[in-house]
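*Asks:* Starting off with a structure, shown below.
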Amino acid sequence: MDLSIQNIEFCKGVGAKRADILRKELGVKSALDMLYQFPYKYIDRSRFYFIHEIDDEDTYVQIIGHITEWHTIGTGAGARLSATFTDGRHTIELVWFKGIKYLKLERNTQYLLFGKPSRFNHQYNFVHPELTPMAKVKPEMTKGLEPYYNTTEGMKRAGLNSKAIRNITAELMPLLRQGGVRETLGIDLIEQQHLMPLTEALANIHFPTDQIAMQKARERMKFEELFYIQMQILRQMKRREQNEGFRMPIVGKAFHAQYNALPYALTNAQKRVLREIQSDLKSGKQMNRLLQGDVGSGKTIVALLTALLAVDNGYQACIMAPTEILANQHYETILQLLHQSTQSLHDTTRPLVNCQLLTGSTTTKQRIPLHEQLRNGEIDILIGTHALIEKEVQFANLGLCIIDEQHRFGVAQRAKLWEKNIRPPHVLVMTATPIPRTLAMTVYGDLHVSIIDELPPGRKPVHTLHYNIERRTTINQFITQQIDMGRQVYVVFPLIKENEKLDLQDLQNGYNTLCQTFPQYKISMVHGQMRAKDKDEQMQRFASGETQILVATTVIEVGVNVPNASVMIIENAERFGLSQLHQLRGRVGRGADQSYCLLLTKLELSKDTRKRMDIMVATNDGFRIAEADLQLRGPGDLEGTQQSGLPFELRIASLTHDGQILDVARQAAMAILDADPLLDEMHNRIYKQRLDHLRQTVVNWGEIS
Ligand code: ADP
Ligand code: MG
């Protein structure tokens with residue numbers, strides 16, 4: 001019987017009502033779907049413990065022994081029953097709060113106790129353990145690893161608890177063994193990767209014969225899951241590689257002038273990345289590349305040189321940033337760089353390259369000529385915010401689009417860019433925060449990746465210190481000392497979007513306190529609620545050195561560049577995520593002086609917060625921090641995927657733990673697609689069919705692109 005067409009309703013222990021709930025809650029329609037509901041844990045029922053071996057609250061244990069005495073404490077609803085259980089050598093307390101009157105304990109009976117120990121008053125006890133007289137213990141109860149399944153409230157109401165799922169699944173085992181499911185991976189692949197065949201894997205993932213079989217089964221199912229996600233992503237990528245792209249073979253005057261005018265030599269990593277980009281641009285295929293590099297690794301100049309390659313080939317380029325402050329900053333930086341290159345050419349008075357800015361605060365009056373110049377091709381590079389993708393903004397010949405700080409742009413917004421020319425322009429996505437490898441391979445798996453893994457020479461690593469706020473005096477002394485040495489200081493307050501009023505209040509209070517503490521210094525303040533003009537003015541005062549302290553919300557998180565500012569103070573650091581902290585820290589350490597980052601928190605910290613602070617203090621390496629972030633928070637919560645969400649849901653594999661399997665699965669998928677991009681060959685039909693099936697049945701699969 002083919003379990004994929006066997007309606008779950010007609011399986012033993014299900015019926016119409018439960019089938020309905022299984023469909024609604026888990027999307028389970030067929031018997032095969034049921035088999036793809038994997039246990040989230042196993043309890044080893046073949047192992048028997050002694051009381052003295054208990055050393056963990058979270059592990060189920062079973063113990064053979066008997067009860068020596070019991071008594072009830074209290075009366076009525078608050079009553080509890082306490083019993084003493086012994087394995088012959090040691091004793092442990094058993095406690096019941098509910099159903100006491102149904103409990104029939106016997107003194108001279110051997111029991112099998114099963115339960116999860118909890119800790120109370122520095123001692124272990126069992127609350128509501130299962131007690132089964134040994135005479136009634138069936139052999140299969142203590143045979144091996146017992147699977148446990150996730151359930152929902154709705155399922156529980158219909159009696160579909162973990163045990164019920166286990167029973168339904170157990171009933172399917174004979175059908176499975178009679179050949180009820182078709183293999184989903186090619187035989188070559190299974191052999192080459194030493195994978196467990198599907199039938200065996202499904203049997204062992206639910207009812208493992210032993211620990212090793214369980215591991216092998218889980219590995220096989222993880223591989224299958226990651227492999228098909230990679231197949232889908234890579235197929236998309238291959239298809240897109242068929243897209244013709246604007247051909248940009250020339251490395252011309254604009255590029256060379258800029259390159260030669262740079263006051264520093266590019267790092268080897270910057271050079272390598274530029275070569276990768278250039279080879280895309282001249283290939284005749286549309287570029288889709290992700291540029292990763294830690295804060296301060298010098299992505300801006302790479303972006304500009306890339307834009308100049310487009311200009312040299314007669315195309316326009318745009319650079320899109322997520323905030324106005326950042327767009328402004330890019331514009332200022334790039335104008336300055338372009339100015340250097342124009343000057344170096346002596347004979348030219350007119351700039352080689354026309355670069356303009358377009359943001360939300362560009363007035364209608366300013367827009368009219370801007371739009372005109374874009375349409376007639378006078379503008380070569382347009383820098384801006386979301387305003388760039390508005391419909392009225394028409395280019396003469398847009399050939400390249402650079403998106404900075406990718407994670408704030410949705411996929412849909414990126415797609416709007418495609419419509420700006422007859423062919424999709426080349427796309428270079430730059431991320432401010434390094435992305436853990438496993439995420440890069442999945443969420444961004446359809447982009448080619450370039451990494452700047454080297455910082456410009458001479459950077460002194462930022463010194464990071466963690467203080468609790470009771471050390472305020474020390475902190476203030478440090479601020480005074482640094483400013484008196486001629487440095488400048490950022491003080492950043494967190495921003496929680498749900499309550500902007502309160503945040504501003506925090507910021508305002510912080511500002512007032514600083515003004516009182518440091519009457520001798522000038523202080524500027526910026527936050528997201530300010531008008532762009534005022535923000536600019538305040539930033540400018542700080543950048544020019546007129547003010548010594550800049551108080552800000554996270555608006556300064558991205559991109560701001562004031563080399564003389566060498567101290568970053570982060571208030572309420574416990575309220576920031578790791579990548580945000582790392583970004584903020586990246587604002588300092590840009591000049592010649594030793595820089596400092598002070599993380600200020602309250603005294604009492606949760607375990608996770610303490611870990612976050614420890615990691616920040618321990619390393620400046622953005623990739624390590626990104627990995628730690630993934631470990632601490634899980635992929636769903638990571639900045640960058642938060643808004644868009646992972647385009648798929650993983651049932652069994654984890655982007656946190658299964659990086660190695662992911663690697664192998666991606667390579668395997670790549671090899672198959674390289675040899676047969678359309679999966680037309682006979683032995684690859686199996687993959688094509690499975691992909692079609694997944695696209696039709698799995699929610700969100702269509703969106704992997
Ligand atoms: P990010 O990658 O964070 O965007 P930026 O592009 O803002 O980094 O660069 C940080 C600083 O490093 C800038 O002041 C820039 O001028 C400088 N810089 C970039 N590349 C080099 C280099 N090869 N050598 C020296 N300084 C560099
Ligand atoms: Mg940057």
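*Asks:* Quick one: in region 216-242, which of the residues that are of a type in the set (S, T, N, Q) and surrounded by 14 or more Cβ atoms within 10 Å (Cβ to Cβ) is farthest from Asp44 (Cα to Cα)? Lay out the reasoning, then the answer.
*Replies:* Taking region 216-242 first, the residues of a type in the set (S, T, N, Q) are 230, 232, 236, 242.
From the residues that got through so far, the ones that are surrounded by 14 or more Cβ atoms within 10 Å (Cβ to Cβ) too are 230, 232, 236.
On the way: Gln230: 34, Gln232: 37, Gln236: 43 Å.
My answer is Gln236.
*Asks:* Quick check on region 390-420: of everything there that is modelled with pLDDT under 80 and either within 16 Å of ligand 2 (Cβ to nearest atom) or among the β-branched types (Val, Ile, Thr) (or both), which residue is farthest from Ala303 (Cα to Cα)?
*Replies:* So, considering only residues that are modelled with pLDDT under 80 and either within 16 Å of ligand 2 (Cβ to nearest atom) or among the β-branched types (Val, Ile, Thr) (or both), the one farthest from Ala303 (Cα to Cα) is Val411.
*Asks:* Quick one: in region 178-198, which of the residues that are assigned to a helix (DSSP H, G or I) and of a type in the set (Gly, Ala, Ser) is most open to solvent (accessible area, probe 1.4 Å)?
*Replies:* Gly179
*Asks:* Would you please name the residue that is farthest from Thr438 (Cα to Cα), looking only at residues in region 584-612 that are under 23 Å from the mean Cα position of the chain (by Cα) and surrounded by fewer than 23 Cβ atoms within 10 Å (Cβ to Cβ)?
*Replies:* By that ranking, first place goes to Ser606.
*Asks:* A follow-up question, please. Can you find a residue in region 500-518 that is touching a residue at least 24 places away in the same chain (Cβ under 8 Å), away from ligand 2 (no atom under 16 Å from the Cβ) and of a type in the set (S, T, N, Q)?
*Replies:* Yes, the conditions are met somewhere in region 500-518.
*Asks:* Still on this structure: Any idea which of Met530, Met539 is within 16 Å of ligand 2 (Cβ to nearest atom), in the same structural domain as Gln594 (by TED's automatic domain parsing) and closer than 17 Å to Phe493 by Cα?
*Replies:* Met539
*Asks:* Within region 199-215, which residues are part of a helix (DSSP H, G or I) and open to solvent by 20 Å² or more (accessible area, probe 1.4 Å)?
*Replies:* Scanning region 199-215 gives Thr199, Glu200, Gln211, Ile212, Gln215.
*Asks:* Also, quick follow-up: For Tyr102, indicate whether it is surrounded by fewer than 18 Cβ atoms within 10 Å (Cβ to Cβ) and of a type in the set (Phe, Trp, Tyr).
*Replies:* Criteria met by Tyr102.
*Asks:* Checking Asn328 against (1) away from ligand 1 (no atom under 14 Å from the Cβ); (2) open to solvent by 30 Å² or more (accessible area, probe 1.4 Å), which single condition isn't satisfied?
*Replies:* All conditions are met except number (1).
This table checks each residue for (1) within 16 Å of ligand 2 (Cβ to nearest atom); (2) out of contact with any Gly (no Cβ under 6 Å at 6 or more places or on another chain).
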{"site": "Met221", "(1), (2)": "no, yes"}
{"site": "Tyr228", "(1), (2)": "no, yes"}
{"site": "Ile233", "(1), (2)": "no, no"}
{"site": "Pro249", "(1), (2)": "no, yes"}
{"site": "Gly296", "(1), (2)": "yes, no"}
{"site": "Ile301", "(1), (2)": "yes, yes"}
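*Asks:* I'd like to verify a number: residues in region 291-322 that are within 16 Å of ligand 1 (Cβ to nearest atom), farther than 17 Å from Gln258 by Cβ and crowded, with 21+ Cβ neighbours inside 10 Å, how many?
*Replies:* We begin by selecting, within region 291-322, every residue within 16 Å of ligand 1 (Cβ to nearest atom); these are 291-308, 319-322.
Remaining after also requiring farther than 17 Å from Gln258 by Cβ: 291-297, 320-322.
When the remaining residues are screened for being crowded, with 21+ Cβ neighbours inside 10 Å, the result is 291-295, 297, 320-321.
Summing the residues that are within 16 Å of ligand 1 (Cβ to nearest atom), farther than 17 Å from Gln258 by Cβ and crowded, with 21+ Cβ neighbours inside 10 Å in region 291-322 gives 8.
*Asks:* Test Ala269 against the stated conditions and say whether it is away from ligand 1 (no atom under 16 Å from the Cβ), open to solvent by less than 50 Å² (accessible area, probe 1.4 Å), assigned to a helix (DSSP H, G or I) and among the small types (Gly, Ala, Ser).
*Replies:* no
*Asks:* Based on this model, can you work out whether Tyr264 counts as open to solvent by 60 Å² or more (accessible area, probe 1.4 Å) and in contact (Cβ under 8 Å) with a residue 40 or more places away in the chain?
*Replies:* yes
*Asks:* For region 305-326, enumerate the residues that are closer than 30 Å to Glu627 by Cβ and either of a type in the set (A, V, I, L, M) or more than 15 Å from ligand 2 (Cβ to nearest atom) (or both).
*Replies:* Within region 305-326, Leu305, Ile319, Met320, Ala321, Ile325, Leu326 meet the criteria.
*Asks:* Still on this structure, please answer the following. For region 1-54, which residues satisfy the criterion of being part of a helix (DSSP H, G or I), within 21 Å of Leu202 (Cβ to Cβ) and not charged (D, E, K, R)?
*Replies:* If the condition is that a residue be part of a helix (DSSP H, G or I), within 21 Å of Leu202 (Cβ to Cβ) and not charged (D, E, K, R), then Ile8, Phe10, Ala19, Leu22, Leu26, Ala31, Leu32, Met34, Leu35 are the ones that fit.
The values are calculated or read from the model by the stated rules, or taken from the named source; none is laboratory data. All of these numbers come straight from a predicted model, not from anything done at the bench. Don't worry about glycine lacking a Cβ; one is built from the backbone with ideal geometry, like all the others, and counts go over all protein chains shown. For the accessible areas, the whole protein counts, side chains as well, though only heavy atoms, and no ligand, DNA or RNA atoms are used. Shrake-Rupley method; radii C 1.70, N 1.55, O 1.52, S 1.80 Å.
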